[in-house]
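A short write-up of the structure that comes next.
The values are calculated or read from the model by the stated rules, or taken from the named source; none is laboratory data. All of these numbers come straight from a predicted model, not from anything done at the bench. Positions of Cβ are generated from backbone atoms using ideal geometry, with glycine treated the same way; all protein chains shown enter the neighbour counts.
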Amino acid sequence: MRPRPRLRWTEVVRARAVVLALALAAPAAAEPVPITPAERRSGITFAGPQTQGLQADDTANPGMLFVLDGAQLWQAPAGSAQRACADCHGAAEHSMRGVAARYPAFDAASGAALDLSGRINACRTRHQDAPQLASEEPGLLALAAFVGFQSRGLPLAPPQDPPMAAVRKEGRRLYETRMGQLRLSCAECHDALWANRLGSSPITQGQAGAYPIYRLEWQGLGSLQRRMRACMSGVRAEPFAPGAPEFIALEAYLAERGAGLPVETPGVRP
Amino acid sequence: MTRTLVNVPKTARRGDVVEIRAMIAHPMETGYRNGPDGAAIPRRIIHRFTCTYGGEEVFAADFHPAVGANPYVAFSTVAIESSTLTFTWIEDGGAVHAATAEIAVD
Amino acid sequence: MPHRPISERRPMPSGVPSSLPRRGVLALGAASLLVLSRPRAALARPSLEAALAAFTGGAPVHDGRVRLDIPPLVENGNAVGVTVSVDSPMAASDHVTRIALFNEKNPQAEVAVFHLGPRAGQARVATRIRLATSQTVLAVAQMSDGTFWASRASVIVTLAACIEDLT
């Protein structure tokens, strides 16, 4: 039998508090209505002044360590093709400006939507003859952070082509589907209860423009999918597999419901 | 891959007090955590940081496990000459990571 | 203004709540005592007092001259920004030689020791520290004349409602 990890009592108390708080909150919640464009707020606006300061100062933002790492990887020959990202795309400051703001996007070659990490991996297999990087692998996070950083300050502008409309529709369906033992959907917290608190933590709108983020809880950089897995664990649902089409669809819908918010990569969150 | 981020003003006037910031990517593993298998994760931290300016040590720090992951430190020095600032981080086990920055003083 | 040594002014918490009035301890029920006796590992750590004495060599520590900036309420204890500044001319004849940070309730009392001198120009350092729980943080500065000065602050660490995978 796999040894059961010992829980600190604080974790047990917190887990019970979440269950209780959500159980109390859910029946009282109004039917979730999507957030209007005028009401859209980045998660950073819910964070404390110290966390906001960390994100705003590039000499203190720990996410910048990963951006620097990504800048080196961008120039480094990879795979049996010994080709660097820069060999095709040139200077990322120009070629990647605005790219992250348009992802997830439809990939005609595979006939599926890809998020930015998926696009980086597709490039690796198609053009660099390199193996795919696993989800949350430091190199993949660093490249995603570096490419995302090139769009910092630009508004999220999800592509409006018909294939992506279908993906977003599926994403919205998942977003509004009750999941897990707590029978909660994303919308029931992040559309209906944002600006309230769960325990001592603010419930944010679940906006996704800052990813990959440096999360103080993680003490490192992590992807939007990692954050969604944490939410799914929170409602006691079995998380989708890393890179699953369900996650890509959710990312596509999140981009649509956050359209116009600026890219903040690398964001910092508690 | 060693990733360091140091911030030193490129130029300064002689006698100016300049602020210096230094950060290194490092987990600062405390030695107090257990892995998913229940086994203790051994301590591995940066325990010493130094900054030399023109070869002379102007600042140093001893870190314990309570210093946060990706340790960050901000301090100051008086700009006395155009020279190189050298930053070193020493890890448990003796591995040394280094970075440098130039300052032009007039 | 005369400064009384901190060590004379009030006892440092040493894990065991020795500052509780004896009658109060006796009044505690058996259940409470059981709870108190549980986190043995946490109580076994060397006290803040012992760590401070190791730093000062037992010299008295005075209140004042040190400013400790730390948020009173933090969202996550993994990276709490701390800035310590000391009232000092930072001259060859009169400067800060060391600044130490200590905590009350982490597994170890020591956090960091910064070594500086007149070439710093000003006595001001900042870093990011881990706080396992709500507690007191202490900053102590050693001057070139051998005296020690200190400031303390209490920090409330709130805990995230949702935590990632319990594995």
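Being assigned to a strand (DSSP E or B), within 13 Å of chain A (Cβ to nearest Cβ) and small (Gly, Ala, Ser), is that true of even one residue in the range B:76-96? Checking the range B:76-96: not a single residue is assigned to a strand (DSSP E or B), within 13 Å of chain A (Cβ to nearest Cβ) and small (Gly, Ala, Ser). Among the numbered conditions (1) in contact with a helix residue (DSSP H, G or I) (Cβ under 8 Å, 6 or more places away or on another chain); (2) modelled with pLDDT under 95; (3) not β-branched (Val, Ile, Thr), the only one that B:Phe59 does not meet is (2). Checked against the criterion of being buried (at least 19 other Cβ atoms within 10 Å of the Cβ), in contact with a helix residue (DSSP H, G or I) (Cβ under 6 Å, 6 or more places away or on another chain), outside any helix (DSSP H, G or I) and of a type outside the set (Ser, Thr, Tyr), the range A:242-261 has no qualifying residue. Considering the conditions (1) touching a helix residue (DSSP H, G or I) at 6+ places or on another chain (Cβ under 7 Å); (2) within 12 Å of chain B (Cβ to nearest Cβ), A:Met64 is excluded by exactly one of them, (1). Contact map, the range A:225-245: residues that are more than 12 Å from chain C (Cβ to nearest Cβ) paired with residues that are modelled with pLDDT of 95 or more and assigned to a helix (DSSP H, G or I), Cβ distance under 7 Å, separation 6+ or inter-chain. Pairs shown: A:Gln225/A:Phe247; A:Phe240/A:Glu246; A:Phe240/A:Phe247; A:Pro242/A:Gln225; A:Gly243/A:Gly118. The requirement of being farther than 30 Å from C:Ala126 by Cβ and either surrounded by fewer than 18 Cβ atoms within 10 Å (Cβ to Cβ) or hydroxyl-bearing (Ser, Thr, Tyr) (or both) is fulfilled nowhere in the range A:45-63; no residue meets it. The one condition from (1) over 20 Å from A:Ile35 (Cα atoms); (2) free of Cβ contacts under 8 Å to residues at least 60 places away in the same chain; (3) within 14 Å of chain C (Cβ to nearest Cβ); (4) not β-branched (Val, Ile, Thr) that A:Gly222 does not meet is (2).
Only a single item in (1) within 8 Å of another protein chain (Cβ to nearest Cβ); (2) at pLDDT 95 or above; (3) closer than 23 Å to B:Ile45 by Cα; (4) buried (at least 18 other Cβ atoms within 10 Å of the Cβ) is not met by C:Ala109, and it is number (1). Residues of the range B:25-44 include none that is in contact with a helix residue (DSSP H, G or I) (Cβ under 9 Å, 6 or more places away or on another chain), hydrophobic (A, V, I, L, M, F, W, C), within 23 Å of C:Gln122 (Cα to Cα) and facing another protein chain (nearest Cβ under 9 Å).
Here the range C:112-154 is the region considered, the condition is being away from chain B (no Cβ under 13 Å) and among the polar types (S, T, N, Q), and the residue that is nearest to the chain's Cα centre (by Cα) is C:Thr136.
Say whether the condition of being at pLDDT below 95, closer than 24 Å to C:Ala51 by Cα, of a type outside the set (D, E, K, R) and not in a strand (DSSP E or B) is met by at least one residue in the range B:32-49. Scanning the range B:32-49, I find at least one residue that is at pLDDT below 95, closer than 24 Å to C:Ala51 by Cα, of a type outside the set (D, E, K, R) and not in a strand (DSSP E or B), so the answer is yes. The residue of the range A:182-212 that is nearest to A:Val99 (Cα to Cα), among those that are surrounded by fewer than 18 Cβ atoms within 10 Å (Cβ to Cβ) and away from chain C (no Cβ under 14 Å), is A:Ala195. Take C:Val84 and decide whether it is assigned to a strand (DSSP E or B), within 12 Å of chain B (Cβ to nearest Cβ), out of contact with any Gly (no Cβ under 9 Å at 6 or more places or on another chain) and farther than 30 Å from B:Glu56 by Cβ. In short, no.
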